[in-house]
Amino acid sequence: MALVERPARLLEYFDVGPGIRHFRFEVPDVESFHYSPGQWVSMTEMVGDKKVTRAYSIASLPAGNRFEICLNKVEDGLFTPYLFSLKPGDTVPTKGPVGMFTLRDKTREAVFVATGTGVVPYRPMLKQAGYLDQGTKVTLIFGARYESGLMFRAEFEQLAAQHANFNFIATVTRPEPSWQGRSGRVQPLLWEVIGDRTDLDVYVCGLKEMVESVREELKARGFDRKQIIVEKYD
């Protein structure tokens, strides 16, 4: 069934880091905009003389007819500079929600792995009712180049403080002298966390190279493909 295209109206935006902007939209054509945490929407617009479509993970829990996205500005990109030029009240043709990057089993222990904006879908996934509050053990490993790129860091740290079953590990590949956390890529931290275990689910979201390398290593370590849930950002 073809997805219906609806206008999404920008309500407000705020910057959460250098070149990282959080957008809050509403879909005025509907009273309730239903989606599952982890899904995404696609947005389309004529940029110059070219029709451009891009997909963005939803960064929020369902709330009426509203949804949120959070993304990096790609200076030489076709679409993100256009989104960054939007003002409250502007509309963007939007389709969705779609996507299968959602929780498979809320009772199974899981490790979430993300780099950059790949962490966005984990925000609503972790906050949804009947997950962390039910005691399921979860670890989030989040990597960025710089400390300033660790979006939602304060929220994840707060979740970790509130839930003994949730462990948040942040790492940066280009740490400044003031950085007190882990440094380096996410992969070594993942192997450190899971050890020799294969009895948990691993969710991986980020750029294609990282996602594929983690998936192949997990398969080599004996993980069933159903235990490896991935979302790739090209």
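For segment 169-180, the condition of being outside the structural domain of Ala55 (by TED's automatic domain parsing), without any contact (Cβ under 8 Å) to a residue 24 or more places away in the chain and not hydroxyl-bearing (Ser, Thr, Tyr) holds for at least one residue.
Summed over segment 127-161, residues that are more than 21 Å from Gln187 (Cα to Cα) and in contact (Cβ under 8 Å) with a residue 12 or more places away in the chain total 11.
Considering segment 1-71, the qualifying strands (runs of 3 or more DSSP E), each wholly inside and each with 3 or more residues that are farther than 24 Å from Arg153 by Cβ and in contact (Cβ under 8 Å) with a residue 12 or more places away in the chain, run over 5-17, 40-47, 50-57. Taking the criterion of being assigned to a loop (DSSP other than H, G, I, E, B), surrounded by 17 or more Cβ atoms within 10 Å (Cβ to Cβ) and not small (Gly, Ala, Ser), the residues of segment 74-101 that qualify are Phe79, Leu86, Phe101.
Cβ-Cβ contacts under 8 Å between residues 6 or more apart (or on different chains), taken from a first residue in segment 223-234 that is under 14 Å from Arg104 (Cα atoms) to a second residue that is of a type in the set (D, E, K, R) and outside any strand (DSSP E or B), are listed as Arg225/Lys219; Lys226/Arg104; Ile228/Arg215; Ile228/Lys219; Ile229/Arg104; Val230/Arg215.
Selection of segment 197-210 for residues being touching a strand residue (DSSP E or B) at 6+ places or on another chain (Cβ under 7 Å) and without any contact (Cβ under 8 Å) to a residue 60 or more places away in the chain yields only Lys208. Note on segment 15-52: among residues that are farther than 14 Å from Leu83 by Cβ and exposed (fewer than 12 other Cβ atoms within 10 Å of the Cβ), the one that is modelled with the lowest pLDDT is Gly48.
Per this entry, Leu190 is not counted among residues that are assigned by TED's automatic domain parsing to the domain that holds Asn167 and at pLDDT below 95.
The values are calculated or read from the model by the stated rules, or taken from the named source; none is laboratory data. Nothing here was measured: the structure is a model prediction, and the numbers come from that model. All Cβ positions, glycine included, derive from the backbone under ideal geometry; neighbour counts span all protein chains shown.
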